[in-house]
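Structure record follows, encoded as structure tokens.
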Amino acid sequence: MVLNLRVMAPNRIVWNSEVREIILSTNSGQIGVLPNHAPLLTALDMGVPKIRHDGQWSAMALMGGFAMIDNNQVTILVNEAERAAEINPEEAQEAFQTAQVNSAQAEGKKKIIEANPAFKRAKARLEALNNN
């Protein structure tokens, strides 16, 4: 059995194919999804889902959203997503270092709140590259 995975961002369909397994980062931790999973609607955190297809694992960076699992259909709606193969390693490393510095130097609640999502986004992109 397989799962039909569809990952959609506002401007494009990022993934649309059959897969064997998915590991998602939700707001309450990671969950694994196999065929015949119970119906579920969950919020997704910024992170790196792992997708097993054709005997290998792939990764992508997801920037928050929602996943709906029902009848071996997994539909993921996200604000932004990038497959690991689409991410420029040098640019991702540079963005991570910049976000890390900005996060460490942030003073005051407003600056900390603004720096946190940029750091999580940069970290997710770098992790997607390292998990591919």
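With respect to the stated conditions, Ala38 is of a type in the set (Gly, Ala, Ser), surrounded by fewer than 18 Cβ atoms within 10 Å (Cβ to Cβ), at negative phi and not in a strand (DSSP E or B). Of the numbered criteria (1) among the aliphatic types (A, V, I, L, M); (2) surrounded by 12 or more Cβ atoms within 10 Å (Cβ to Cβ); (3) modelled with pLDDT of 95 or more, the one Leu129 fails is (3).
Can Ala99 be described as buried (at least 20 other Cβ atoms within 10 Å of the Cβ) and either within 27 Å of Glu18 (Cα to Cα) or not hydrophobic (A, V, I, L, M, F, W, C) (or both)? Answer is no for this residue.
Residues that are touching a residue at least 12 places away in the same chain (Cβ under 8 Å), surrounded by fewer than 19 Cβ atoms within 10 Å (Cβ to Cβ) and closer than 14 Å to Arg83 by Cα within the range 1-13 comprise Arg6, Met8, Ala9, listed in sequence order.
The values are calculated or read from the model by the stated rules, or taken from the named source; none is laboratory data. Not measured: the values here are computed from a predicted model. When we count neighbours, we look across all protein chains shown, and the Cβ atoms used for this are built from the backbone with ideal geometry, even at glycine.
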